[in-house]
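What follows draws every value from the coordinates through simple rules; no lab data is involved. Since the model is a prediction, treat every value here as computed from it, not as a measurement. Every residue, glycine as well, gets a Cβ built from its backbone with ideal geometry; the counts of neighbours run over all protein chains shown.
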Amino acid sequence: MCVIAHPLVPSPITVAGMTIRGPHVPAGLSLQFWGVRGSTCASGPDFIEFGGHTPCVEVRCGERLFILDAGTGLNALGAHHRDRLPQRIDLLFSHLHLDHVGGLPFLKPAILDPAREIHTWCGNLDGASAAEPLGRLFAPPLFPITLDAMPARFVHHGFRSGESLAFPDGATVDTIPLLHPQGATGYRFRHAGRTACYISDIEHSDPWPDPDLLRFVAGADLVVYDGMFTQGEYPACRGWGHSTWQKGVELCRDGGVGRLAIIHLYPQHTDAMLREIEQQMQEVMPTAFIARERQEVALGAEVALGADVPVGAVRVPEPV
């Protein structure tokens with residue numbers, strides 16, 4: 001089994017059938033979840049285990065950092081890493097809805113450092129960057145200052161979903177357009193012989209799986225997927241741009257994917273409800289799980305987590 005030590009949970013959590021021992025050493029491909037809720041934050045005693053922040057996921061290709069989405073979890077990411085964040089930060093947006101950008105001015109301490117560059121990447125605006133919409137959002141009277149007034153320097157890049165992104169250090173990331181109001185972008189990361197895909201926000205098509213998306217995720221070690229609604233909730237929310245865990249399992253099964261992580265959790269789904277959903281999901285796909293804040297997934301075989309840990313180990317570290 002996989003033992004997850006969550007800082008706010010009194011006993012270990014069992015997830016997806018693996019054992020973990022020893023510290024994490026960045027070497028292969030790894031992900032860490034800093035925000036897993038969708039639409040709005042969740043708070044209170046029933047929302048401790050899975051967390052309440054909106055989307056933000058850290059991706060490490062060795063030491064190379066990418067940040068996916070800038071929900072309220074971005075503040076927790078910055079507080080955790082502090083001065084360990086690189087001088088250049090690449091922030092890849094799935095899209096620009098409020099739950100995915102609201103944490104942007106709070107990436108401390110990086111945003112307060114005039115030597116830092118924060119590069120944003122946006123693919124759902126027909127090639128335009130996020131500069132103009134973010135400039136409208138983060139400005140009076142909606143926000144007290146503009147992003148340009150922050151000490152860090154923002155550099156905004158636009159692309160069209162479906163293009164591959166090439167970075168100055170030689171890193172590349174593949175992208176795909178997703179079915180969502182005003183569009184969204186999915187990402188595929190490859191490093192050290194491992195592959196992870198981030199597929200949020202998405203509404204499943206009919207028929208399903210979509211052939212292009214199936215090719216995009218085929219053979220991945222991990223797919224992070226938008227499973228916001230239950231099958232019972234989905235019919236009333238059709239057209240909102242979100243999916244179910246069952247559709248995530250279908251996609252992974254047909255694509256030969258190793259593991260599935262469900263994110264963009266409905267803000268009214270309590271810990272007890274999510275544990276029940278996770279149990280149902282693992283009866284169908286034992287390597288699937290619902291993502292928890294601070295949870296880390298290490299995919300590289302050379303990531304030194306201890307002698308008893310197989311590829312794909314999962315843990316939640318203690319807070320710094």
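Across the stretch 143-260, the relative contact order, built from alpha-carbon pairs under 8 Å that are at least six residues apart, equals 20 percent.
Descending by average beta-carbon neighbour count within 10 Å, the peptides 237-244, 279-286, 140-147, 66-73 line up as 66-73, 237-244, 279-286, 140-147, the highest first.
Once you reduce the stretch 170-200 and the stretch 21-97 to the center of their Cα atoms, the two points are 16 Å from each other. Placing unit charges on the Cβ atoms only, positive for Lys and Arg and negative for Asp and Glu, gives the chain a dipole magnitude near 560 debye about its Cα centre.
What shape does the stretch 3-315 take by its C-alpha gyration tensor, where a ≥ b ≥ c are the square roots of the eigenvalues and a/c under 1.5 counts as rounded, a/b above b/c as prolate, and the rest as oblate? Note, shape of the stretch 3-315 comes out rounded.
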